[in-house]
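Student: Encoded as structure tokens, here's the structure I'll be asking about.
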Amino acid sequence: MTPLSNIDLAPYTSFRIHAVAEYFTKATTIDELLEAVAWARTQGLPMHILGGGSNVLLTKTVKGLVIHIRLMERVASIEGTRVTVRIGAGETWHNIVSWMVDRGWGGLENLALIPGTVGAAPMQNIGAYGVEQASCFVELDAIDVATGESRTFTKDECAFGYRESVFKRELRDRYVITAVTYRLSTDPVIHAGYRDVSDELSLRGIVQPTVGDIYACVIAIRQRKLPDPRLIGNAGSFFKNPVVSASVASALRDQYPLLPLYQQPDGSSKLAAAWLIDQCGWKGAREGDAGVHAHQALVLVNHGSADGAQIIDLATRIQQSVHDRFGVDLEREVNVW
Ligand code: FAD
Ligand code: NAP
């Protein structure tokens, strides 16, 4: 294998920030992936796994080998109302959701239009409009970068949480996910509880939504509210919604009656980070080409030629002002390279 050298990663990431990868290769088969992993190991170089680049912020030259995952596979089996699908890690997430919805297979329709690849979906347990990929997850296959051996992870072993998994924590950079298996249904539970979704359904006069209705509504909402990375660089939510204890939540609610709070099954509360940021006056702010999206304060944007340091600087100042005003710490969701 001969990797390319000094490749600009801007076209491979949704923030469109220029930074060079020392070495770069694509893996379209498991053999190519194993070869790339072995090459980096024998050279003593670090490895970085890149999917669609929609959750990565580049801040400097990326030392070592970037492996762009392009593993394509779609296998489905149907038993009664249960549909089991095994999907290659390089498949585009939204294309797969569309493929499922076209066939009437429900479960992941609330996650339509999330950018990126299937292999990255378990990484932060992607979620939107009240559904996480974990709800349909069965297992995934991965390759250990230290040994090249393959391993199957069960749902429990992935330790999924709110925008979390074992791959984002303890096993970060230790495994390359190669395929994910999901269980769908031809008779699924419909999730229409989020306000934007129920409003959109009402607007369309839909009382008993189908999988296709939810899919169409979610796409319409997202197209209205979120910046299209093809038009303006961004990586979606830059911060996670903070989860605080019941006592902190109640003290905040006493002080800020309009603060959106969502109680969690364990009694803690999730706060809407976008509201906190907005209250600090950041929505629509711009400093040079680094900015905060005008319709969604959780999304930081690159208006053109911002670099990673400028985005980090803006993010740090947002974190500081939210901390000073509300005593709440915002944690980054984006992966900083
Ligand atoms: P990348 O950005 O390429 O990688 C992200 C991380 O995963 C990196 O650390 C990378 O090393 C690792 N990784 C990637 N592929 C693999 C693999 N095969 N094996 C091991 N590690 C891997 N996220 C949500 O949860 N919900 C949303 O609603 C949502 N909306 C978004 C909207 C916009 C406009 C944008 C730009 C982003 C949004 N995101 C959302 C974030 C992002 O789309 C998801 O996190 C997505 O899963 C990232 O996929 P990717 O292939 O682009 O990953
Ligand atoms: P929104 O509907 O304006 O809601 C603001 C926040 O409040 C969301 O982050 C959401 O948390 C929470 N929320 C709203 N209704 C809720 C309910 N009924 N129960 C529990 N929590 C509720 O959010 P938005 O910005 O337009 O995004 C819509 C959905 O897409 C959200 O689920 C969001 O997570 C997802 N999204 C994610 C990214 C990303 O990069 N991670 C980017 C864009 C959109 P949750 O985030 O926990 O759902």
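The values are calculated or read from the model by the stated rules, or taken from the named source; none is laboratory data. Here the structure is a predicted model, which is why all the values come from computation and not from measurement. All Cβ positions, glycine included, derive from the backbone under ideal geometry; neighbour counts span all protein chains shown. Just so you know, the surface numbers come from the protein's heavy atoms only, side chains and all, with ligands and any DNA or RNA stripped out. Shrake-Rupley method; radii C 1.70, N 1.55, O 1.52, S 1.80 Å.
Student: Being in a strand (DSSP E or B) and of a type in the set (Phe, Trp, Tyr) is the filter; apply it to the range 238-289 and report the residue that is modelled with the lowest pLDDT.
Tutor: Tyr262
Student: Test Pro242 against the criterion of being open to solvent by less than 40 Å² (accessible area, probe 1.4 Å), within 13 Å of Leu298 (Cβ to Cβ), in contact with a strand residue (DSSP E or B) (Cβ under 7 Å, 6 or more places away or on another chain) and assigned by TED's automatic domain parsing to the domain that holds Asp289, and give yes or no.
Tutor: Taking the combined requirement at face value, the residue satisfies it.
Student: While we're on this one: Considering the range 194-214 alone, what residues qualify as being more than 17 Å from Ala128 (Cβ to Cβ) and among the basic types (Lys, Arg)?
Tutor: Arg204
Student: Of all residues in the range 198-209 being touching an Asp or Glu at 6+ places or on another chain (Cβ under 9 Å) and open to solvent by 30 Å² or more (accessible area, probe 1.4 Å), which is farthest from Gly53 (Cα to Cα)?
Tutor: Only one residue fits best here, namely Ile206.
Student: So how many residues does the range 168-192 have that are on the phi < 0 side of the Ramachandran plot, open to solvent by 70 Å² or more (accessible area, probe 1.4 Å) and not hydrophobic (A, V, I, L, M, F, W, C)?
Tutor: Here the count works out to 7.
Student: Could you tell me which residue of the range 13-23 is least open to solvent (accessible area, probe 1.4 Å), considering only residues that are under 15 Å from Val336 (Cα atoms) and not in a loop (DSSP other than H, G, I, E, B)?
Tutor: Ala21
Student: Please work out which residue is surrounded by the most Cβ atoms within 10 Å (Cβ to Cβ), limiting yourself to the range 99-122 and to residues that are within 23 Å of Glu333 (Cα to Cα) and away from ligand 2 (no atom under 12 Å from the Cβ).
Tutor: Looking at residues that are within 23 Å of Glu333 (Cα to Cα) and away from ligand 2 (no atom under 12 Å from the Cβ), I get Val118.
Student: While we're here: Can you find a residue that is away from ligand 1 (no atom under 16 Å from the Cβ) and either farther than 25 Å from Gly161 by Cα or open to solvent by less than 20 Å² (accessible area, probe 1.4 Å) (or both) anywhere in the range 220-233?
Tutor: no
Student: Being buried (at least 17 other Cβ atoms within 10 Å of the Cβ) and in contact (Cβ under 8 Å) with a residue 60 or more places away in the chain is the filter; apply it to the range 249-280 and report the residue that is nearest to Phe15 (Cα to Cα).
Tutor: Filtering first and then ranking leaves Lys270.
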